[in-house]
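Here is the structure we will look at, set down as structure tokens.
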Amino acid sequence: MTGTDSVAPALPFHRDASPLDPPTVYAGWRTEGPIRRITQANGEPAWLVTRYDEMRAVLGDPRMSSDVTRKGFPSPRPEEPRQTVGNFTQMDQPEYGKVRRTLTRTFMVKNIDRMRPRITELTHQLLDDMERRPRPVDLHEHFARPLPSYLICELLGIPHADRGLFMANASTIGDMRLDEGTAFSARTGIAEYMMQFVEEKEHNPGDDLLSDLVVNRLRTGELTRHEIAGMAALLVINGHESSASMIGLSAITLLRHPDQLQRFITRPEVVPAAVEELLRFLSIVHVGLRRVATEDVEIGGVTVRKGEGLVLPIHVANRDPSAFDAPDELDIDRESRHHLAFGHGLHKCIAQYLARVELQIALPALFQRFPGLRLAVPLEEVSFREENVVYSVNALPVTW
């Protein structure tokens with residue numbers, strides 16, 4: 001089939017060859033052309049982009065909208081998506097830039113680097129806790145999930161004790177088996193919870209992100225309370241779910257490549273490149289990024305009409321042999337920083353450096369503490385979350 005075919009295959013999510021690899025059908029589609037028609041969950045057609053160059057071009061094209069309320073936006077669920085106040089990832093310019101700029105200072109490299117001692121401290125506290133527990137231990141529950149959730153709570157200035165609410169709601173939001181109304185209610189619930197902290201910071205600001213937004217953005221009229229609460233909800237949802245997934249899946253991946261794991265542990269200088277390679281290799285945005293054309297655009301020799309949606313499975317682009325040599329092989333020494341795991345263009349993940357630092361600290365510490373770490377069950381018995389927006393595990397039993 002080609003981009004002009006009238007037959008539209010349904011979008012697959014099942015990782016049939018290996019739980020760590022994209023569905024095999026994507027590779028076949030990629031060899032047939034850079035773009036093709038597919039069927040969405042609601043039965044409507046959309047365009048699927050399958051090659052790295054074209055996907056990068058779409059993500060960097062201002063004619064491609066992230067506004068989920070635009071007609072034709074390709075929803076991963078059967079229902080039309082709903083925009084949450086403050087969710088700047090669902091906005092276009094100029095509103096997008098206005099909101100994103102309010103967070104730029106917090107996620108600057110120098111400011112994230114100041115967090116390294118605290119990230120290291122939390123990492124070792126969680127590893128201490130794991131070591132005291134009877135084996136096998138659920139690595140996902142006791143290390144991968146709590147580390148990023150503790151960090152995002154501290155960054156925002158909200159109690160650690162409330163992280164359970166965030167994690168439960170984030171699971172609801174990402175579950176593709178649930179309808180859009182349920183997911184929207186979960187997003188709104190977190191935002192409403194954040195409102196009480198916004199109001200509290202108005203009266204008693206501290207040294208945290210919410211206080212900074214209240215003092216420097218709310219009081220000046222640049223942002224509203226609802227916008228700040230929605231932004232905080234977005235950071236909580238995205239800030240722990242993606243990092244938690246990457247920690248767990250990266251641990252599995254390194255365990256399955258013992259020669260590279262040994263280099264990872266014994267050569268600290270390779271850790272940054274190794275993290276980039278793991279981000280490329282795993283690419284956990286399971287259902288793809290989404291855009292809708294705001295005018296007619298030519299992509300890969302095909303004209304995408306105004307109002308037509310595009311699905312961008314970045315895990316497919318990150319396995320494109322035109323962009324990466326032997327892309328289905330893990331190589332922690334390769335230069336893979338041009339991957340699309342964090343997206344590309346204006347909407348590239350604002351917290352990407354924080355995610356990198358978390359992985360650079362957490363993964364070496366895990367394997368140094370437990371050099372005999374191994375899965376406590378065969379890989380075939382590990383439960384993976386294929387029904388989720390962010391691909392992950394439900395549980396990850398390990399021993400040492």
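Annotations
- On the beta carbon distance between residue 133 and residue 32, with R0 = 56 Å, the FRET formula returns roughly 0.65.
- Between residue 394 and residue 203, the simple label model (points 7 Å from Cα in the Cβ direction) yields a spacing of 4.4 nm.
- Bins of 10 Å, starting at 0 and running to the largest distance - Cα pair percent for segment 167-209: 27, 37, 24, 12, 0
- Chain lengthening between residue 374 and residue 255 when straightened (0.36 nm per residue, less Cα-Cα): 42.2 nm
- Each eigenvalue of the Cα gyration tensor of the chain, multiplied by 5 and square-rooted, gives one semi-axis; in descending order these are 31, 29, 19 Å.
- Computed over segment 53-173, the ratio Rg/Rh where both radii use C-alpha atoms and Rh is Kirkwood: 1.06
- Segment 270-355, relative contact order in percent, only Cα pairs under 8 angstrom and at least six apart counted: 37
- In Hz, Karplus ³J(HN,Hα) per residue of segment 147-159 (6.51, -1.76, 1.60; θ = phi - 60°; x = Gly, Pro): 4, x, 6, 4, 5, 5, 5, 5, 4, 7, x, 10, x
- Cβ-Cβ FRET estimate between residue 79 and residue 262, R0 fixed at 45 Å, reported to 0.05: 0.40
- The stretch between residue 41 and residue 111, if pulled fully straight at 0.36 nm per residue, gains 21.1 nm over its current Cα-Cα span.
- Ratio of Rg to Rh for segment 245-400: 1.02 [Cα atoms; Kirkwood radius as inverse mean 1/r over pairs].
- Here residue 201 is the anchor, and the lysines within straight C-alpha reach of less than 23 Å, apart from those fewer than 8 places off in the same chain, are 98.
- The overall shape of segment 91-160 is prolate: from the C-alpha gyration tensor, with semi-axes ordered a ≥ b ≥ c, the ratio a/c is 1.5 or greater and a/b exceeds b/c.
- Value of relative contact order over the chain, rounded to a whole percent, pairs C-alpha under 8 Å and six or more apart: 24
- Note on segment 253-281 and segment 178-231: Cα centroid distance 38 Å, given to the nearest whole angstrom.
- Charge tally in the Cβ shell below 12 Å around residue 341, where Lys, Arg are +1 and Asp, Glu are -1, residue 341 excluded: +3
- Value of D in µm² per second that Stokes-Einstein yields for segment 306-393, Kirkwood Rh from Cα pairs, at 10 °C (1.306 mPa s): 97
- Taking a straight Cα-Cα cut-off under 21 Å and skipping sequence neighbours fewer than 8 places away in the same chain, the lysines within cross-link reach of residue 306 are 71.
- Segment 318-400: relative contact order in percent, alpha carbon pairs under 8 Å with at least 6 residues between: 19
FYI, it's all coordinate maths here, none of it is from the lab. Treat the numbers as computed from the prediction; the structure is a model and nothing was measured. So basically every Cβ, Gly included, is an ideal-geometry build from the backbone, and we count neighbours across all protein chains shown.
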